[in-house]
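The values are calculated or read from the model by the stated rules, or taken from the named source; none is laboratory data. In this text the structure is predicted, and so the values were computed from the model without any measurement. FYI the Cβ positions are ideal-geometry reconstructions off the backbone, even for glycines, and counts take in every protein chain you see.
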Amino acid sequence: MTTPTLTYWEKLYDAAVQFKKTSCWEWMGDRDIFGVQDPVSGKIGYCVVLGSMGEVFALAVYRGTEGLEGITKIHSGMVELELEESMQVQNCLIASFEDREDLQEKDREIIKKLGLKFRGRKEWPLFRSLMPGYVPWFLNKEEARFLTEALQQARAVALRVRDNPELLIPPNADQYFVRSSEKKGRKITWRDCFIKPQAQVIDAGEKPAYIVDELRLKRIKKAASLRGTILEVDFFYAPYPVQERKGQRPYFPYLCLWVDRKSGLVLKHSLAKHEELTGIFCEKFLNVIEDLKVIPSSVMVRREEAWEMLSPLANALGFEINMVKRLKIMDEVRENMFTYFN
């Protein structure tokens, strides 16, 4: 990660201070979403002004279609902001205004080096990068540069919305108001437009497919019996972060659980990095069957991703996968685990 220079920090803090002076949360809410195009990468950050409830004052810039879909899920109620599932959808840069004690030593050192002074509650700028599954972290150079641009454009858009409340209303329901940018040399030209967000591109390499061992499956079918056993299986972020090396961004590993629905027993649990999820999830599932010497009649899941990962094994071993909204036993186990760790 390339650390921002003092020049980058100076521009970012100035943009944040100027943005806060508008108090634009007095006439804008978190449903007033608009975009700012990064002059360098061309990608769009979707901006959300926070502060209308008088508790959190900030500008959140959601990165691309993935970030936009995340905030849409929160607004629709599919994901509650207070729950750990929100970590899976929050992909944004955020400039918030906090109390001094909310800053870390690194933040205070930068402010001191810049010779800036802030006093009072909710007056201290704080900048963080949020990514699904990771601990909120300090900005790198490119993030600081783009957040500066976003704050500057957000301030201008907010002042225009104050004078023209219909500014952000699109001609079509699937479009968003965007400040489009074009960079020529050092000069950046900005213009208004309405765009439809690009379809999200899924990187198949993030979670590689599980390679099925046909011989192993034949051995399992020969050794195991088929009973009326029902399993609940799920994965979610563990309630504690892992930092593999000093200075490296901590992440929340996936916690995979396999539970017997009738007895409520946890048959197996395992941690997995993001890129290892598919392999570990399927491998440990087969371990459960080998240990029990029983092929379940049904496996209950609530995530499409879990259904997709287990489908090849279901076809080969002859069990059903049932998609449900709630896993009653799994939720009880998870709640007990989270209570213990908290």
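Does GLU142 fit the bill of being assigned to a loop (DSSP other than H, G, I, E, B) and either among the β-branched types (Val, Ile, Thr) or assigned by TED's automatic domain parsing to the domain that holds ALA16 (or both)?
Working: assigned to a loop (DSSP other than H, G, I, E, B): no; either among the β-branched types (Val, Ile, Thr) or assigned by TED's automatic domain parsing to the domain that holds ALA16 (or both): yes.
Answer is no for this residue.
Need pairs with beta-carbon distance below 9 Å; first residue under 13 Å from LYS328 (Cβ atoms) and within the range 255-277, second among the β-branched types (Val, Ile, Thr) and in a loop (DSSP other than H, G, I, E, B); sequence gap 6+ or separate chains.
ASP260/THR229; ARG261/THR229; LYS262/THR229
When the residues of the range 208-239 are narrowed to those that are in contact with a Pro (Cβ under 9 Å, 6 or more places away or on another chain) and not hydrophobic (A, V, I, L, M, F, W, C), which ends up nearest to SER270 (Cα to Cα)?
Filtering the range 208-239 for residues in contact with a Pro (Cβ under 9 Å, 6 or more places away or on another chain) gives 209-210, 212, 226-231, 237-238.
Still in the running and not hydrophobic (A, V, I, L, M, F, W, C): 210, 227-229, 237.
Working: TYR210: 16, ARG227: 25, GLY228: 25, THR229: 21, TYR237: 11 Å.
Going through the qualifying residues, I end up with TYR237.
Of the residues TYR240, TYR251, which single one is out of contact with any strand residue (DSSP E or B) (no Cβ under 6 Å at 6 or more places or on another chain) and either surrounded by 13 or more Cβ atoms within 10 Å (Cβ to Cβ) or closer than 27 Å to MET337 by Cα (or both)? Please lay out each step first, then the result.
Working: TYR251 fails: out of contact with any strand residue (DSSP E or B) (no Cβ under 6 Å at 6 or more places or on another chain).
That would be TYR240, the only listed residue that is out of contact with any strand residue (DSSP E or B) (no Cβ under 6 Å at 6 or more places or on another chain) and either surrounded by 13 or more Cβ atoms within 10 Å (Cβ to Cβ) or closer than 27 Å to MET337 by Cα (or both).
Name the residues in the range 30-43 that are more than 20 Å from LYS141 (Cβ to Cβ) and either surrounded by 14 or more Cβ atoms within 10 Å (Cβ to Cβ) or of a type in the set (Phe, Trp, Tyr) (or both), would you? Even if it seems obvious, please write down each step before you answer.
Within the range 30-43, the first condition is being more than 20 Å from LYS141 (Cβ to Cβ), and the residues that meet it are 30-35.
Within the range 30-43, ASP30, ASP32, ILE33, PHE34, GLY35 meet the criteria.
Taking THR278, is it surrounded by 13 or more Cβ atoms within 10 Å (Cβ to Cβ), hydroxyl-bearing (Ser, Thr, Tyr) and not in a strand (DSSP E or B)?
Details: surrounded by 13 or more Cβ atoms within 10 Å (Cβ to Cβ): yes; hydroxyl-bearing (Ser, Thr, Tyr): yes; not in a strand (DSSP E or B): yes.
Taking the combined requirement at face value, the residue satisfies it.
So, in the range 267-281, exactly how many residues are touching a helix residue (DSSP H, G or I) at 6+ places or on another chain (Cβ under 6 Å) and under 25 Å from ALA223 (Cα atoms)? Even if it seems obvious, please write down each step before you answer.
Narrowing the range 267-281 to residues touching a helix residue (DSSP H, G or I) at 6+ places or on another chain (Cβ under 6 Å): 267-268, 270, 272, 278, 281.
The next check asks that each one be under 25 Å from ALA223 (Cα atoms); those that pass are 267-268, 270, 278, 281.
Selection size over the range 267-281: 5.
Given the structure, is ALA199 under 29 Å from the mean Cα position of the chain (by Cα), of a type outside the set (Val, Ile, Thr) and in a helix (DSSP H, G or I)? Let's see the steps before the verdict.
Values: under 29 Å from the mean Cα position of the chain (by Cα): yes; of a type outside the set (Val, Ile, Thr): yes; in a helix (DSSP H, G or I): no.
Judged against the criteria, ALA199 is not a match.
Has the range 169-179 got at least one residue that is in a helix (DSSP H, G or I), at pLDDT 95 or above and either surrounded by fewer than 22 Cβ atoms within 10 Å (Cβ to Cβ) or assigned by TED's automatic domain parsing to the domain that holds ILE33 (or both)? Steps first, please.
Of all residues in the range 169-179, those in a helix (DSSP H, G or I) come to none.
Checked the range 169-179: no residue is in a helix (DSSP H, G or I), at pLDDT 95 or above and either surrounded by fewer than 22 Cβ atoms within 10 Å (Cβ to Cβ) or assigned by TED's automatic domain parsing to the domain that holds ILE33 (or both).
If ARG326 satisfies every condition in (1) in a helix (DSSP H, G or I); (2) closer than 14 Å to GLU232 by Cβ; (3) touching a residue at least 24 places away in the same chain (Cβ under 8 Å) but one, which is the exception?
(1)
For GLU166, work out the one condition from (1) part of a strand (DSSP E or B); (2) more than 20 Å from LEU277 (Cα to Cα); (3) of a type in the set (Asp, Glu) it doesn't fulfil.
Among (1) part of a strand (DSSP E or B); (2) more than 20 Å from LEU277 (Cα to Cα); (3) of a type in the set (Asp, Glu), GLU166 violates only (1).
Among the residues of the range 7-28, how many are crowded, with 17+ Cβ neighbours inside 10 Å and β-branched (Val, Ile, Thr)? Before the answer, list the steps.
Let us first name the residues in the range 7-28 that are crowded, with 17+ Cβ neighbours inside 10 Å, namely 8-13, 15-16, 19-20, 22, 24-25, 28.
Among the residues that remain, those that are also β-branched (Val, Ile, Thr) are: 22.
Selection size over the range 7-28: 1.
Could you look through the range 112-137, keep only residues that are touching a residue at least 24 places away in the same chain (Cβ under 8 Å) and assigned to a helix (DSSP H, G or I), and pick out the one that is surrounded by the most Cβ atoms within 10 Å (Cβ to Cβ)?
Top of the filtered list is LEU114.
So how many residues does the range 282-306 have that are closer than 14 Å to ILE220 by Cβ and outside any helix (DSSP H, G or I)?
4
Looking at THR65, is it in the same structural domain as ARG108 (by TED's automatic domain parsing), more than 16 Å from LEU159 (Cα to Cα) and in contact (Cβ under 8 Å) with a residue 60 or more places away in the chain? If you could, list the steps in order and put the result at the bottom.
Values: in the same structural domain as ARG108 (by TED's automatic domain parsing): yes; more than 16 Å from LEU159 (Cα to Cα): yes; in contact (Cβ under 8 Å) with a residue 60 or more places away in the chain: yes.
Yes; evaluated as a whole, the condition is true for this residue.
Among the listed residues GLY54, GLY35, GLY67, GLY42, identify the single one that is assigned to a loop (DSSP other than H, G, I, E, B) and modelled with pLDDT of 90 or more.
Values: GLY54 fails: modelled with pLDDT of 90 or more; GLY35 fails: assigned to a loop (DSSP other than H, G, I, E, B); GLY67 fails: assigned to a loop (DSSP other than H, G, I, E, B).
Going through GLY54, GLY35, GLY67, GLY42 in turn, the sole match is GLY42.
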